[in-house]
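The values are calculated or read from the model by the stated rules, or taken from the named source; none is laboratory data. Computed from a prediction, not measured in an experiment: that's the story for all the values here. Backbone-built Cβ (ideal geometry, glycine too); neighbour counts: all protein chains shown.
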């Protein structure tokens with residue numbers, strides 16, 4: 001992976017803040033719609049590693065899809081392969097923005113201070 005990939009949703013306010021931040025800080029990135037093109041299982045595994053192995057940090061626990069599917073009760077009983085296949089099949093279950101980059105960069109959610117520490121060039 002030679003540049004940053006940002007999985008965003010077009011109508012997500014937090015994603016818009018992240019998009020503006022990336023542009024303002026001149027961070028080159030490829031944008032993908034998290035609903036239309038969710039992260040792959042391999043990308044999800046990379047993110048879990050970047051998050052210190054905490055699968056739960058990937059989840060959009062406040063999302064409609066998460067609640068509608070009752071995933072708070074279901075996910076703890078799923079193995080990694082099943083859980084990651086579920087997430088890779090429905091990007092709305094994934095916390096966003098979801099950003100992967102070279103050198104093990106992996107960020108979920110938008111925290112301006114954290115992003116500046118990891119990504120800012122200026």
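A few remarks follow.
- Of residues in the stretch 20-47 being in a helix (DSSP H, G or I) and touching a residue at least 24 places away in the same chain (Cβ under 8 Å), the one farthest from residue 114 (Cα to Cα): 41
- Selection of helices (runs of 4 or more DSSP H) fully inside the stretch 63-122 by the criterion of at least 1 residues being surrounded by fewer than 19 Cβ atoms within 10 Å (Cβ to Cβ), in contact with a helix residue (DSSP H, G or I) (Cβ under 6 Å, 6 or more places away or on another chain) and modelled with pLDDT of 95 or more returns 80-89.
- Matching residues, the stretch 6-19, being buried (at least 17 other Cβ atoms within 10 Å of the Cβ) and either under 11 Å from the mean Cα position of the chain (by Cα) or without any contact (Cβ under 8 Å) to a residue 12 or more places away in the chain (or both): 6, 7, 8, 9, 15
- Residues (touching a strand residue (DSSP E or B) at 6+ places or on another chain (Cβ under 8 Å) and either part of a helix (DSSP H, G or I) or over 19 Å from residue 118 (Cα atoms) (or both)) located in the stretch 48-62: 49, 50, 57, 58, 59, 60
- Taking every residue in the stretch 83-106 that is at positive phi and pairing it with any residue that is surrounded by fewer than 22 Cβ atoms within 10 Å (Cβ to Cβ), at least 6 positions away or on another chain, the pairs with Cβ-Cβ distances below 6 Å are 104/50.
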